């Protein structure tokens, strides 16, 4: 019996890599193995403690949290490294990544993407035959639900399984994903382009990463697109800024309290966008000022580090794109942030993230999909008036939004594992 198993991976999307300059740069084993360990324990056991009691020999040691196997990865064939730059802008990396802004164009600071058209070889060495037999059918679903590298929640670094020990991988991602997220009581979606619209998009507008950028942009912060003369052509307020309209959103809060000419709020404010991912500090600019949000620890919460987005976009075989929800960390709902505007405003104001009783993530996702799919429905403009429809988008950057549909997964029967 062989203890060495070969998994051939197909790279679906470019991976943003901090070591792009190294020959053959690809997924790091130090990133993959902890993720795979957690996925296996969650998939095969009711809890980490119970799983260890049932399978003590599957762990690397009595007190070691990792499972007893090793991984090695190598890119096959030539590696395509992209990341040209002009006038401070990336030319080859999708615009949903903005981490290079202000970075010098050198290998230490500047991120580029790596892509292996011939695939990536994952070698798993496992001396526990029972562990390998248990994990083998979980490898393909693992890659359907995990991306790698920087900006992974936005579809970068998606891989799928071509074969395991020479046997072609089979399976329907929609069926597995529907069951998995149905068990979490969270809706998952497939982002699709209707068959009669297949010829409506071309170039970058027809790529999964561009579909993801536009969809997530409309979900969180929205778009303000201008022509060459600086005149606004397309303005769509982010859905997170329109949702829960009984509260004022954080942008309205900043304008009312920290910027000149602000009008007093008539509703209690909430930092709703934080629930879609945030860090301990958030900064953006308005009217020449730097707006800064800083988490305030309290008796119930320690300082909140970066909270990843609870929305993961996965790209699978055939460039199928799935929107996969993840639970919002318990420490985030109800957390308080201090907001300041510099220069010229020394006073800090406090805004709170919606509490669990005020925000249901699954309801938010369902409401967003309904608004996104209604191409004639109105989105708010910059003045808060509901009069912009996605079917009226004029700028090239928003053309996919006119046609894309979020289809909720309903592929398997409730309670029936794929």
Next on the checklist: When you check residue 258 against the structure, is it modelled with pLDDT under 90 and in the same structural domain as residue 219 (by TED's automatic domain parsing), yes or no?
Outcome noted: yes
Checklist entry - Just one of 93, 41, 16 is modelled with pLDDT under 95, surrounded by 15 or more Cβ atoms within 10 Å (Cβ to Cβ) and in a helix (DSSP H, G or I); which is it? => result 41
Checklist entry - Looking at region 275-294, which of its residues are at negative phi, surrounded by 14 or more Cβ atoms within 10 Å (Cβ to Cβ), modelled with pLDDT under 90 and under 26 Å from the mean Cα position of the chain (by Cα)? => result 278, 279, 280, 282, 291, 292, 293, 294
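Residue-by-condition table, conditions (1) surrounded by 15 or more Cβ atoms within 10 Å (Cβ to Cβ); (2) closer than 18 Å to residue 309 by Cβ; (3) in the same structural domain as residue 312 (by TED's automatic domain parsing):
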| position | (1), (2), (3) |
| --- | --- |
| 176 | yes, no, no |
| 179 | yes, no, no |
| 187 | yes, yes, no |
| 203 | no, no, yes |
| 212 | yes, yes, yes |
| 216 | yes, yes, yes |
| 224 | no, no, yes |
Item to check | Number of the condition not met by residue 224 [criteria: (1) part of a loop (DSSP other than H, G, I, E, B); (2) modelled with pLDDT under 90] | outcome: (1)
Item to check | Selected residue [touching a helix residue (DSSP H, G or I) at 6+ places or on another chain (Cβ under 9 Å), assigned to a loop (DSSP other than H, G, I, E, B) and either under 30 Å from residue 217 (Cβ atoms) or free of Cβ contacts under 8 Å to residues at least 12 places away in the same chain (or both)] from 156, 142 | outcome: 156
Item to check | Top-ranked residue in region 253-274 [being in a loop (DSSP other than H, G, I, E, B) and under 21 Å from residue 359 (Cβ atoms); ranked as nearest to the chain's Cα centre (by Cα)] | outcome: 271
Next on the checklist: Residue under question is residue 266, and the condition is that it be crowded, with 19+ Cβ neighbours inside 10 Å and in contact with a strand residue (DSSP E or B) (Cβ under 9 Å, 6 or more places away or on another chain); does it hold?
Outcome noted: no
Checklist outcome for this item: Picking from 349, 375, the residue that is outside any helix (DSSP H, G or I), assigned by TED's automatic domain parsing to the domain that holds residue 257, at pLDDT 95 or above and touching a helix residue (DSSP H, G or I) at 6+ places or on another chain (Cβ under 6 Å) would be 375
Next on the checklist: Tell me the residue from 155, 171, 230 that is at positive phi and crowded, with 18+ Cβ neighbours inside 10 Å, please.
Outcome noted: 155
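The values are calculated or read from the model by the stated rules, or taken from the named source; none is laboratory data. Predicted model, so just to flag it, every value in this text is computed and none were measured. FYI the Cβ positions are ideal-geometry reconstructions off the backbone, even for glycines, and counts take in every protein chain you see.
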